[in-house]
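First up is the structure itself, then whatever we jot down about it.
The values are calculated or read from the model by the stated rules, or taken from the named source; none is laboratory data. Only a predicted model underlies this, so the values are computations on that prediction, with no experimental measurement involved. Every residue, glycine among them, receives a Cβ derived from its backbone with ideal geometry; neighbour counts consider all protein chains shown. We work out accessible area using only protein heavy atoms, side chains counted, and drop any ligands, DNA or RNA first. Shrake-Rupley method; radii C 1.70, N 1.55, O 1.52, S 1.80 Å.
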Amino acid sequence: MLIGLSIRDVVLIETLDLEIEPGFTALTGETGAGKSILLDALGLALGERADRRLVRHGAERAQASAIFEIGTGHPAIALLEELDLPEAEDGRLVLSRSISLDGKSRAYVNDA
């Protein structure tokens with residue numbers, strides 16, 4: 001379950017740390033309020049095709065991290081072990097990605 005989204009220098013957002021509580025969550029707002037920017041940042045963290053146009057004007061790179069709560073026995077734990085990636089601490093899995101102005105991106109799983 002997605003429990004958090006951390007955004008740095010994505011389109012119009014300089015800094016945002018969003019905590020998502022258990023239960024139903026809805027994003028609402030007027031046109032231009034930034035709902036699509038949040039979804040673009042989540043897509044960046046999850047590995048969608050990155051576009052350097054996501055980098056906020058005046059910044060060198062855009063960065064997004066999606067934090068997931070995964071329980072014991074979750075299939076992601078076996079995949080982390082299989083790929084020799086760090087285990088989730090406190091039952092959390094953090095997927096992060098950044099893209100720079102030159103279009104190069106870097107992805108991280110639990111900071112590795």
Which whole-Hz couplings ³J(HN,Hα) result when phi for each residue of the range 46-52 is put into the Karplus expression 6.51 cos²θ - 1.76 cosθ + 1.60, θ = phi - 60°, listed in order with x for Gly and Pro? 8, x, 5, 4, 8, 10, 5
Leaving out ligands and nucleic acids, note down the accessible area per residue over the chain with a 1.4 angstrom probe, in whole Å². 69 Å²
T31 and S100 label points (each 7 Å along its Cα→Cβ direction) are spaced in nm at 3.8 nm
On the protein heavy atoms, probe 1.4 angstrom, tell me the percent of accessible surface of the chain carried by carbon and sulfur. 50 percent
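Would you work out the charge dipole size for the range 11-112 about its Cα centre, treating the Cβ of every Lys and Arg as +1 and the Cβ of every Asp and Glu as -1, and quote it to the nearest 20 debye? Could you put the intermediate results ahead of the total?
Working: 10 positive and 18 negative charges, 130 e Å.
In debye, rounded to 20, the range 11-112 gives about 620.
Peptides 18-30, 88-100, 69-81: what's the order by average Cβ count within 10 Å, highest mean first?
Values: 18-30: 8.5, 88-100: 16.8, 69-81: 12.3.
Per-residue mean Cβ counts within 10 Å order the peptides as 88-100, 69-81, 18-30.
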Size-normalised alpha-carbon gyration radius of the chain, reference 2.2 N^0.38 Å: 1.11
